[in-house]
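The values are calculated or read from the model by the stated rules, or taken from the named source; none is laboratory data. The structure presented is a predicted model; accordingly, all values stated were derived computationally and were not measured. Using ideal geometry, Cβ is built from the backbone for each residue, glycine included, and neighbour counts are taken over all protein chains shown. Each accessible area value is taken on the protein alone, full model and side chains, heavy atoms only, with ligands, DNA and RNA left out. Shrake-Rupley method; radii C 1.70, N 1.55, O 1.52, S 1.80 Å.
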Amino acid sequence: MVYRQAAWDEKLLKEYSSKGRTGFVPPDPIGEEVELSIPKELKRDDVELPSLTELQVIRHFVRLSQMNYSVDTGMYPLGSCTMKYNPKLNEKIASDPKINDAHPYQHHSTVQGILSILFDLSNWLAEISGTDKVSLLPAAGAHGEFVGVLMIRKYHQANGRSDKTQIIIPDSAHGTNPASAAMAGFDVVTVPSNANGLVDMEKLKGLVGPKTAGMMMTVPNTLGLFEKDVLAISKLIHDNGGLMYYDGANMNAILGRVRPGDLGFDIVHMNIHKTFSTPHGGGGPGSGPVGVKSFLADYLPVPRLVKKENTYTWVYDSPNTIGFIKGCYGNIGVLVRAFAYLLTLGPKGLLDVSSQAVLSSNYLMKKLDPTHYSLPFAKDVPRKHEFVVSARPLVDKGGSALKVSKAILDYGLHSPTVYFPLIVNEALMVEPSESEPVENLDEYAMVMNEIGDTLSRDPSRLDDAPKNTAVASLDEAKASHPLTIALNWKKIAGKE
Amino acid sequence: MKKYSHLLPNELKVEDMMKILGINKIESLYEDVPQQSLLKELPKIPGPFSQMEIERLTKNVLKNVSVHPDSPCFLGGGIWPHYIPPAVDAISSRSEFYTSYTPYQPEVSQGILQALFEYQSMICDLTHMDAANASMYDWATAAAEAARMAIRVTKRKDLLVAMNAGYERRRVIQTYLEPIASRILQIPYDKRTGRIDMKEADRLIKSADVAAVYVEQPNFFGAIETSIKEISELVHSRAGLLIVGVEPTSLGLLKPPGDYGADIVVGEGQPLGIPMNYGGPSLGIFAVKGDISFIRQMPGRIIGITTEKKSERKGYVMVLQSREQHIRREKATSNICTNQALMAVRAAAYMALLGPLGFRRLSQVITSNSHYTAKLIRETKEYEAPYFESEFYSDFTILPTTKKTRGRALYEYLTKRGVNAALPLDWFYEELKDVSMISVTEVHLKEDVNRLLNCLVEAE
């Protein structure tokens, strides 16, 4: 595959600026011009934005977009991120003015259609996750986690067990898990993985005790392995008065086949932008609804959407709620896309999606040359929607996961997640998703193997990778160094 | 062919792929799942439907939703109706932007990185702060993270919050602070002006173990605060921090918070070219002033500029990642990962389009329209407008002087007349039972205002 990414030496907006230009003219006032009557010292002198016409702004951002790799550009098997195709129907549904132009404080009678979409979606997500009640409020997966652990905290407080101060988290977990638990005031206890890449049951037994407030788990875990002891783990935690939290980052593996709620999980967050096909937006917005078993429903954040006599409305009063967790009602524009996606799939579609995501992942793993990429843990156990290999065999010859990841970019492909999970040396975490044709999986494997061959024979040949990208390898140390750091364009020489 | 076959390229390749794996059924890939937990029947959701059916079905569901301008919207308070230049949509619809993710591989992600760097830069230009992050979820969570940052940095426990700051912001701050050793003290507002009660502010700041003071400019009532500089001096004399919440379009006319002592600025980025979308996705603005050690305490992604390793060619990367959850885990400054990046790109495009002329003009038009509307309401002689005796920006309070229909009843009456207006402040302040809030921006035409006026007059 020959690939040359656009490589504009694109200037900063302010370097194009020329005084007096504008890219937008606001409408005239409807009445007379009024000056703010405030003391001079409260008034602003100048607005220091760049001055450009509409074409200049459009051209700038179009050029930037050409220097941005995306799912719509090519294969993007970034592990744990589920970069599946984002159907265009979703975009069309989400651009309806009836959604775009609705104000959050409009009377509920004027937005019943939006509320009915949200109500249905929350019920479907409850059904899919095996929970009883879903809140659509959280804005992202990590936000859902924070909400979840706050509920754990509130639950124990309500039961007079403020001494339950510890959250157990596997060492293979996403970094957001310990960060969320710590934000909610918990001490994080790390349970190591065993030789099979799963939670070490014996070690876990030693860590669980009266202080255990709960456990956060990702199933399948970040190695792509299903935690086969999950029922026993749930029982152990529950027997000790703890709650089980499910991190939904990897839910694409189990859609329609098994539900977290049936595995003993009490609280489940779902990543709408991963599992339910909404775009990742260059980093967001996502959405992270949280589902709970009925005994925890009182703790969910407010407001809550309820249906009374065929009318949908928001309810704010709830004695045990953890409270408000963001403004308004969630990332509605993201949620309506998931609504369209679920209507597209239907029940059987869920199962086909997860089955083919898992099949593709195992297929791609099988095609990789084991002399370059070794499989850590449980060699005979199938992976789920993602897998992790180690570039360790290449290290002695001068290769590394980093070199592999940079070389991949030169083929017009996105690299896997690298150096995560932390428990795997030289980790490459690959998640192809169900969206990629098998021919692309073959090509991806061929590219990785070819890179492995090159690194084995003459690693210096890839020293300058990536070279077909908008820029070559960047100096990240310099970017963060106190003497050279520049976080806005004020510090950069440029003409005004 | 299934109704979703367009999304599954390998439907007819499943057998071949399984053969390569040496299996003959998909279930073989799930043998490690506790078999008793496997679903016996599929989840009960509707579908599948064709694309045409879904479009039709959704249109039908949304049929009775009434939005601006068919039902003129005079609601603000945290999310505002604004006109969005079509160029903003054109830019954010570039699927190279919206179908990418966090730029973990900077060499192929220069587009989003530079766009976010420029967003940060323009936020710094608007606020006169030193560094902005690449977005928080919204204003409320940005304010809450700012409060936590202030408590972490100062190692103090008291957060002073102006009662005339937005209700949802205050409530989210409360939720975020609950798990840490902290106390929230409320600074009352002056009953006549709606502005901060300076006597009480002075007393509280001097008596508290103050980590920070949180104030909004303009405040929730739309009134322009006149004493933040004094508050800044007071709180800094006590070695506490000043957090200011802003509505960004007002910064076309109002002094940037960086000029009156703000250490952290937060705000709602939705007015910067983001549709209201019934409240989300919006954009949390977060910017700080201070040295690198203070910047290091910020939550969220930050983009910086650098060069290629082997040349002076510039490029952009995520910086100071050692603050973040994927590196620092439980010691991270925040758990935020997925943020609102695409909304920040929209805001960047919007700010670039408006530029200094458009931005200032927009603030001026909003000011003129809101004052014109207030004047017309006042001239009915049936309302005080504004109720609070203060200069205001886009939002202002009204109080009926002759009507029985007031507060919630007025809001419901207007709704029935097809006008979404007069937010009842009783929702947020029990002492303001009869006071309502009107918000006016550049999206309002004379005919919209006339409809509002007619309804206000005809209310009994």
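Its Cα gyration tensor gives the protein assembly as shown an equivalent ellipsoid, and the semi-axes of that ellipsoid, as √(5λ) in whole Å with the largest first, are 45, 31, 28. Taking Cα atoms only, the orientation of helix B:446-458 departs from the longest principal axis of chain B by about 60 degrees.
Using alpha-carbon positions, what is the distance between the centroids of segment B:116-130 and segment B:1-31, in Å? Between the Cα centres of segment B:116-130 and segment B:1-31 lies a distance of 49 Å. B:D130 exposes around 70 Å² of accessible area when a 1.4 Å probe is run over every protein chain in place.
Here the relative contact order of segment A:348-479, from alpha carbon pairs under 8 Å that lie six or more residues apart, stands at 29 percent.
Accessible area of A:M446 (1.4 Å probe, protein heavy atoms only, ligands and nucleic acids ignored): about 110 Å². For segment A:1-137, the equivalent ellipsoid derived from the alpha-carbon gyration tensor has semi-axes of 38, 32, 14 Å in decreasing order. Across all directions, the average flat footprint of the convex hull enclosing the Cα atoms of segment A:82-186 is 9.7 nm². Residues of segment A:55-83 with an amide N closer than 18 Å to a point placed 7 Å from the Cα of B:S311 along the Cα-to-Cβ direction: A:64, A:67-68. Shielding value for A:269-281 is 3, the average number of Cβ atoms from other chains within 10 Å of each residue's Cβ. Accessible surface for the protein assembly as shown, divided over its residues, is 33 Å² per residue with a 1.4 Å probe.
Using a 1.4 Å probe and counting only protein heavy atoms, how much accessible surface gets buried when A and B come together, both sides summed, in Å² to the nearest 100?
Working: alone 24600 and 24000 Å², together 31090 Å².
Protein heavy atoms only, the A-B interface buries about 17500 Å².
Of the residues in segment B:323-361, those shielded by at least 50 Å² of accessible area once partner protein chains are present, compared with the chain alone at a 1.4 Å probe, are B:R329, B:E330, B:N335, B:T338, B:A352, B:L353, B:P356, B:L357, B:R360, B:R361. For chain B, the longest principal axis of the Cα atoms and the long axis of helix B:198-207 meet at an angle of about 60 degrees.
Normalised by 2.2 N^0.38 Å, where N is the number of residues, the C-alpha radius of gyration of segment A:348-479 stands at 1.08. Take each residue in B:172-184, count the other chain C-beta atoms within 10 Å of its C-beta, and the mean is 4. Counting Cβ atoms of other protein chains within 10 Å of each residue's Cβ and taking the mean over peptide B:44-56 gives 6.
Given chain A, what percent of its DSSP beta bridges are antiparallel, to the nearest 5?
Values: 20 of 38 bridges.
In chain A, DSSP labels about 55 percent of beta bridges as antiparallel.
Based on the alpha-carbon gyration tensor of chain B and its eigenvalue square roots a ≥ b ≥ c, which shape applies: rounded if a/c is under 1.5, prolate if not and a/b is larger than b/c, or oblate? Oblate, since a/c reaches 1.5 and b/c is not below a/b. Placing dummy labels 7 Å off each Cα toward the beta-carbon, the span from B:D89 to A:L55 is 2.3 nm.
Let me check something: with ligands and nucleic acids excluded, how do B:W80, A:W8 order by accessible area (1.4 Å probe), largest to smallest?
Details: B:W80 15, A:W8 100 Å².
Ranking B:W80, A:W8 by accessible area, largest first, yields A:W8, B:W80.
Projecting the alpha carbon convex hull of segment B:315-371 along each direction and taking the average yields 6.6 nm².
Each principal axis of the Cα atoms in segment B:238-349 has its own extent, and those three values, largest first, are 44, 40, 33 angstrom.
The equivalent ellipsoid of segment A:90-344 has semi-axes of 32, 20, 15 Å, largest first, where each one is the square root of 5 times an eigenvalue of the Cα gyration tensor. The charge dipole of the protein assembly as shown, taken about its Cα centre with unit charges on the Cβ atoms of Lys, Arg (+1), Asp and Glu (-1) only, comes to about 680 debye.
Of the residues in segment B:266-281, those shielded by at least 10 Å² of accessible area once partner protein chains are present, compared with the chain alone at a 1.4 Å probe, are B:P275, B:M276, B:N277, B:Y278, B:G279, B:G280, B:P281. Computed over chain A, the percent of Cα pairs more than 45 Å apart is 21.
Restricting things to Cα coordinates, could you compute the convex hull volume per residue of segment A:1-40 in Å³?
On the way: hull volume 8.0 nm³, N = 40.
Once divided by residue count, the hull of segment A:1-40 is 200 Å³.
Stick to Cα atoms and the Kirkwood definition of Rh, then tell me Rg/Rh for segment B:87-350. The partial results should precede the final answer.
Numbers: Rg = 18.3 Å, Rh = 18.8 Å.
Reported Rg/Rh (Cα atoms, Kirkwood Rh): 0.98.
Taking Cα pairs under 8 Å and at least six residues apart, what relative contact order does segment A:31-161 come out at, in percent? Walk me through the intermediate numbers first.
Values: 23 pairs, mean separation 10.2, N = 131.
Relative contact order for segment A:31-161 comes out at 8 percent.
The listed residues A:F119, A:F295, once ranked by accessible area (1.4 Å probe) with the largest placed first, stand as A:F295, A:F119. With 50 Å² as the minimum drop in accessible area between chain alone and full protein complex (1.4 Å probe), the qualifying residues in segment A:102-126 are A:H103, A:Y105, A:Q106, A:H107, A:T110, A:W124.
Go through B:T405, A:T190 and list them by solvent-accessible area, largest first, probe radius 1.4 Å.
Working: B:T405 25, A:T190 75 Å².
The ranking, largest first, comes out as A:T190, B:T405.
Segment B:236-267 and segment B:204-225 have Cα centres spaced 10 Å apart. Per-residue ellipticity at 222 nm from helix content only, as computed over chain A with -39500 (n - 2.57) for each DSSP H run of at least four residues, stands at -10000 deg cm²/dmol.
Which of the chymotrypsin sites (Phe, Trp or Tyr not before Pro) across segment A:311-375 are loop residues per DSSP, with 12 or fewer other Cβ within 10 Å?
Working: sites: A:Y312, A:W314, A:Y316, A:F324, A:Y329, A:F339, A:Y341, A:Y363, A:Y373; in loops: A:Y316, A:Y329, A:Y373.
Within segment A:311-375, the qualifying chymotrypsin sites (Phe, Trp or Tyr not before Pro) (loop, at most 12 other Cβ atoms within 10 Å) are A:Y316.
Relative contact order for chain B: 19 percent, from Cα pairs under 8 Å spaced at least 6 residues apart, divided by residue count. Report, in whole Å, the centroid distance computed from the Cα atoms of segment A:236-293 and segment B:422-460. Cα centres, segment A:236-293 to segment B:422-460: 42 Å. For the protein assembly as shown, the carbon plus sulfur part of the accessible surface works out to 51%, probe radius 1.4 Å. Measuring against 28 Å, Cα to Cα, the residue pairs A:K43/B:K289; A:K43/A:K491; B:K403/B:K446; A:K308/B:K44; A:K84/A:K348; A:K205/A:K274 contain A:K205/A:K274 as the ones spanning a longer distance. When peptides B:111-123, B:260-272 are ranked by their average number of other Cβ atoms within 10 Å per residue, the highest-first order is B:111-123, B:260-272.
With N set to the number of residues, divide the alpha-carbon radius of gyration of segment B:401-459 by 2.2 N^0.38 Å and report two decimals. Working shown, then result.
Working: Rg = 11.5 Å, N = 59, 2.2 N^0.38 = 10.4 Å.
Compactness ratio reported: 1.11.
In this view, the solvent-accessible surface of A:S37, computed with a 1.4 Å probe and all protein chains in place, comes to about 90 Å².
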